[in-house]
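Let me begin by presenting the structure, written as structure tokens, before commenting on it.
The values are calculated or read from the model by the stated rules, or taken from the named source; none is laboratory data. Computed from a predicted structure; not experimentally measured. Backbone-built Cβ (ideal geometry, glycine too); neighbour counts: all protein chains shown.
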């Protein structure tokens, strides 16, 4: 059995995006086993368990990942994770991966896949609402598939936004107001908000929004009026209704699950798509287990590992 | 982060039984977080993910465990597992344990806890239906709480039964017919059967049965007529209805979930119990996540480990 302490360093962004795209296509074609994420509440946060099986890659396994918003106070990231990979025909555990860095990368890669499939333009401005780790990996990933002319970044903490800008000196990144950032061609929202941050008036026709932040019941980032105007694509229907951007509007009776257009996987296999150049599209991302399996499967090809004794 | 390759060697059976008993009591008192087990089908088997949080021990985590009945053909056990422990206030992963041996032990310990709480006698004959790893650990554990006068063992393979007998030379163990083994004071059934193995006529009043084998939809070991005569105690209601001994009779309309008397935890805290000396009691065990946490928590106190790098 192998342990991979830093598997994220072994994969290149283009390979990662391709692995995530293939996993979404398998999902669109119904070629996977994936029960909904399971949540357990803890003091100060929660942890989620994400089991799945992806026959196309002959890989099965589980990601275990926490969300503790106040961890920065003790010098730890909000999110940490481990992924266990099993050999499908015997169930034997074969690999354990530190999934902390991989989780940021796969979330960014999913936003890139959605942007390339749903944005009506191939280049333009990118607005970042929230400027933490997910914003950084999303920026890197979206940059692989979308011609970023200008980045407009807003964060509750101006320092965090400036820090993000300073990490990418070769890009034209501007720290802006919330409204200015929201007026971009493509948006990436990654805040842990429990009330709307992005208002309807700020969003122009033809915008594509990657709504990443809402990933648990009670969380939301977008004015529900945007949802009523927009065409909404989810990563997984059950998970989105339970914990995605739509979860609060559904709970409040402002949005109906049947108004979800479909999944990103269905877009990728050509079954559905945006209806017009002017439509607003939203990718409601909760994070699906098979994308974690797909990138873990990519990472173990070249990653450095420690051999561990495992006597069955 | 620590990896424990053989944590089962670090715990003594009495401590294990006590840890499992305390976990069941927390369950009876509603002092735990435990979503139902999640199943993923694989070629030739499945794997289960068992997340939970046990505040009394300040431990949270997940066991990942497979069941592949044909693994013996490739020299592997049917069941292998890993347990991940997290620090509840931060969600940080702190330990990974090989849970293969621990799983057998905790299943045996649960049967011992149930036997001491539900059997109407303190000593007598023990019948083993099935003679594999779970039967061996169950025999060891039940021996701690019940005065075993004679063991009657039956297995589909006589050789497996003889092998079990030869491992315990100090005990009076007899390889018998199915009917003779079933006529014991306390029974432990551990077969992977999908149709009844133990018939109603063979079961006397006052018998206590630990029904361990049925742990997935479609599995059953007992003639449903026994269930109608008996008082049934489960480890967890949702899991038992989904995958315990009662799952097939419920599916077939022969048994109603509301006829389950209660949980083992409720027995241990004194809320319920067997109604009379003559009643037949059944402990329907599916295996609950908090017992895995409890024994892992016990094992890491003294187990040998390998230190692993984990950079959050």
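Just one of the listed residues (A:173, A:209, A:148) is in the same structural domain as residue A:235 (by TED's automatic domain parsing) and under 30 Å from residue A:37 (Cβ atoms), namely A:209.
Scanning for something without any contact (Cβ under 8 Å) to a residue 12 or more places away in the chain, part of a strand (DSSP E or B), at the interface with chain A (Cβ under 7 Å from one of its Cβ atoms) and under 17 Å from residue B:287 (Cα atoms), does the stretch B:44-62 turn up at least one residue? No, the stretch B:44-62 contains no residue that is without any contact (Cβ under 8 Å) to a residue 12 or more places away in the chain, part of a strand (DSSP E or B), at the interface with chain A (Cβ under 7 Å from one of its Cβ atoms) and under 17 Å from residue B:287 (Cα atoms).
Just one of (1) under 20 Å from the mean Cα position of the chain (by Cα); (2) more than 7 Å from chain A (Cβ to nearest Cβ) fails for residue B:73. It is (1). Among the residues of the stretch B:86-99, those that are surrounded by fewer than 24 Cβ atoms within 10 Å (Cβ to Cβ) and either more than 7 Å from chain A (Cβ to nearest Cβ) or within 18 Å of residue B:49 (Cα to Cα) (or both) comprise B:87, B:94, B:95.
Do we find that residue B:183 is on the phi > 0 side of the Ramachandran plot and assigned by TED's automatic domain parsing to the domain that holds residue B:269 in this structure? No; evaluated as a whole, the condition is false for this residue. If you check residue B:20 against the conditions, is it facing chain A (nearest Cβ under 7 Å) and either closer than 28 Å to residue A:34 by Cα or surrounded by 24 or more Cβ atoms within 10 Å (Cβ to Cβ) (or both)? It is false that residue B:20 is facing chain A (nearest Cβ under 7 Å) and either closer than 28 Å to residue A:34 by Cα or surrounded by 24 or more Cβ atoms within 10 Å (Cβ to Cβ) (or both). The set of residues in the stretch B:261-312 that are without any contact (Cβ under 8 Å) to a residue 12 or more places away in the chain and within 30 Å of residue A:9 (Cβ to Cβ) contains only B:311. Scanning the stretch A:156-184 for residues that are touching a strand residue (DSSP E or B) at 6+ places or on another chain (Cβ under 8 Å), surrounded by 13 or more Cβ atoms within 10 Å (Cβ to Cβ) and closer than 19 Å to residue A:199 by Cα gives A:175, A:176, A:178, A:180, A:181, A:182, A:183, A:184. Just so you know, in the stretch A:203-235 the residues that are within 17 Å of residue A:134 (Cβ to Cβ) and in a loop (DSSP other than H, G, I, E, B) include one that is nearest to the chain's Cα centre (by Cα), and it is A:212.
The condition (being under 21 Å from residue A:51 (Cα atoms), touching a helix residue (DSSP H, G or I) at 6+ places or on another chain (Cβ under 9 Å) and either modelled with pLDDT under 95 or more than 13 Å from every other protein chain (Cβ to nearest Cβ) (or both)) is satisfied by just one residue among B:103, B:107: B:103. The requirement of being assigned to a loop (DSSP other than H, G, I, E, B) and more than 10 Å from every other protein chain (Cβ to nearest Cβ) is satisfied by residue A:31.
Before we move on, is residue B:143 within 11 Å of chain A (Cβ to nearest Cβ) and in a helix (DSSP H, G or I)? Here the answer is no, as residue B:143 does not meet what is asked. Does residue A:113 meet the test of being within 24 Å of residue A:12 (Cα to Cα) and within 14 Å of chain B (Cβ to nearest Cβ)? It is false that residue A:113 is within 24 Å of residue A:12 (Cα to Cα) and within 14 Å of chain B (Cβ to nearest Cβ). One residue alone among A:304, A:278 is within 14 Å of chain B (Cβ to nearest Cβ) and modelled with pLDDT of 95 or more, and that residue is A:304.
Of all residues in the stretch A:76-85, which are facing chain B (nearest Cβ under 7 Å) and either touching a helix residue (DSSP H, G or I) at 6+ places or on another chain (Cβ under 8 Å) or assigned to a loop (DSSP other than H, G, I, E, B) (or both)? Answer for the stretch A:76-85, where residues must be facing chain B (nearest Cβ under 7 Å) and either touching a helix residue (DSSP H, G or I) at 6+ places or on another chain (Cβ under 8 Å) or assigned to a loop (DSSP other than H, G, I, E, B) (or both): A:76, A:77, A:80. Looking across the stretch B:236-259, the residues that are in contact (Cβ under 8 Å) with a residue 24 or more places away in the chain and within 18 Å of the chain's Cα centre (by Cα) come down to B:236, B:237, B:238, B:239, B:240, B:242, B:243, B:244, B:245, B:246, B:247.
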